[in-house]
Amino acid sequence: MTLSTKPLKRTQSLHEQTYAVLRNAILSGELAVGMRIVETQLAEQLQVSRTPIREAIRQLQRENLITTDGNGALRVATLSVSDAVQLYDCRISLEQLSVSEACRNATPERLSALELVVQRAEKSQGLPSSQFTSYQLLHLDYEFHRLLAESSANQWLVQILDQVFDKMALLRLRTMEHNPRVLEIRSEHRRIYEAIRDRDPVSATQAIQYHLISSKERVIQAIKQLDQAQEL
């Protein structure tokens, strides 16, 4: 278990810095889903005592990004099919509100930002993985959906969705590693964007439903295949 980071500076709270480093490592896939978390190793790599490590781990446990396995070992959370179903059901409900409100409230600047993210995703099609990684594609997906939430002008919705997006990252990182096609953000994102640009809440709601339901089916199928492979 290694982290590609420099020793932490003492100008800020060590707990906050440690938490930020570990959270970013988990959500970027640097600390892989299911990987064991060893306090002593982390303390050595970050050159801090075990106290800020433990505080950061407790915070990440509260966020369900780190869990304890049957033997009591700390591990990066592995989400099940049931977790995936529930998270997607939350997203489908919340993001229908997101796009509906975005049709009313999206500013020209937000629309331009949405279009730019869609164009960047479209340009990634056909590029080799060495030029456009799964994590970069995931980040584009996150950018698009967070811009949708921000365009709704509902800050509570943004905060709630941020919590869901973190857990979704764990699902996507695990499944995309084995099947990059799980994430379809090119044609599906464009349809959502165009409906919002046209201020058409009915079409926008239909487009986000189709996108998330299709994504849900792809991810669940991928998790089932991974689980079956591990049982062999």
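Below, the figures for the structure above:
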{"item": "Residues of segment 15-30 satisfying the condition of being touching a residue at least 24 places away in the same chain (Cβ under 8 Å) and under 14 Å from the mean Cα position of the chain (by Cα)", "result": "Arg23, Ile26, Leu27, Ser28, Gly29, Glu30"}
{"item": "Search result, residues across segment 64-75 that are under 14 Å from the mean Cα position of the chain (by Cα) and on the phi < 0 side of the Ramachandran plot", "result": "Leu65"}
{"item": "All positions within segment 89-125 that are over 23 Å from Gln155 (Cβ atoms) and buried (at least 20 other Cβ atoms within 10 Å of the Cβ)", "result": "Val118, Ala121"}
{"item": "Of residues in segment 39-86 being in contact (Cβ under 8 Å) with a residue 60 or more places away in the chain and part of a loop (DSSP other than H, G, I, E, B), the one surrounded by the fewest Cβ atoms within 10 Å (Cβ to Cβ)", "result": "Ser80"}
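This table checks each residue for (1) assigned by TED's automatic domain parsing to the domain that holds Gln136; (2) not charged (D, E, K, R).
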| position | (1), (2) |
| --- | --- |
| Asn24 | no, yes |
| Gln45 | no, yes |
| Thr67 | no, yes |
| Gly70 | no, yes |
| Cys90 | yes, yes |
| Leu94 | yes, yes |
| Glu109 | yes, no |
| Ser112 | yes, yes |
| Leu116 | yes, yes |
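The values are calculated or read from the model by the stated rules, or taken from the named source; none is laboratory data. This is a predicted model, so every value here is computed, not measured. Every residue, glycine among them, receives a Cβ derived from its backbone with ideal geometry; neighbour counts consider all protein chains shown.
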